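I have placed the structure first, in the form of structure tokens, so that the comments after it can refer back to it.
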Amino acid sequence: MAKKSSASSQPARLKSMRSEDIRNRQWTKKERLALRRIAERQAARDDSRINLKDIPRLSDEQLASMVRLREARPPKVSVSVRIDARVLAWLKSKGAGHLTRINDILTNLMEAERTRPGR
């Protein structure tokens, strides 16, 4: 009996792509229509077709470890800020990215102030 070729069972190799390859990709009419429908549902905030029943609830530990999602933001401006040494030590104790964390804290405060009733 001949041995089966292992080539048929090997997974497909990943193709390396650059962002310009993706931008310049030629979409089929069917793909464009599907993307347009998805974009329209997202713009209308229509999530009625999403089935959430099989998604398990998050534990208290998972909820406590969540961080704010950074959306596309306008370019940042470089400034010099003087803060207490203990505040800086606390920010650095949380790990890398203490400057980003300062920006996130200030962004959250700004957004909370904007959404506060009576403003």
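List of remarks:
- Count of residues meeting criterion [hydrophobic (A, V, I, L, M, F, W, C), modelled with pLDDT of 85 or more and in a helix (DSSP H, G or I)] in region 1-46: 6
- Figure legend. Inter-residue proximity from region 65-89: first residues at pLDDT below 90, second residues surrounded by 10 or more Cβ atoms within 10 Å (Cβ to Cβ) and part of a loop (DSSP other than H, G, I, E, B), beta-carbon distance below 9 Å, spacing 6+ or different chains. Indicated pairs: Met66/Leu58.
The values are calculated or read from the model by the stated rules, or taken from the named source; none is laboratory data. Predicted model only: the values in this text are computed from it and were never measured. With ideal geometry, Cβ positions are generated from the backbone for all residues, glycine too; neighbour counts draw on all protein chains shown.
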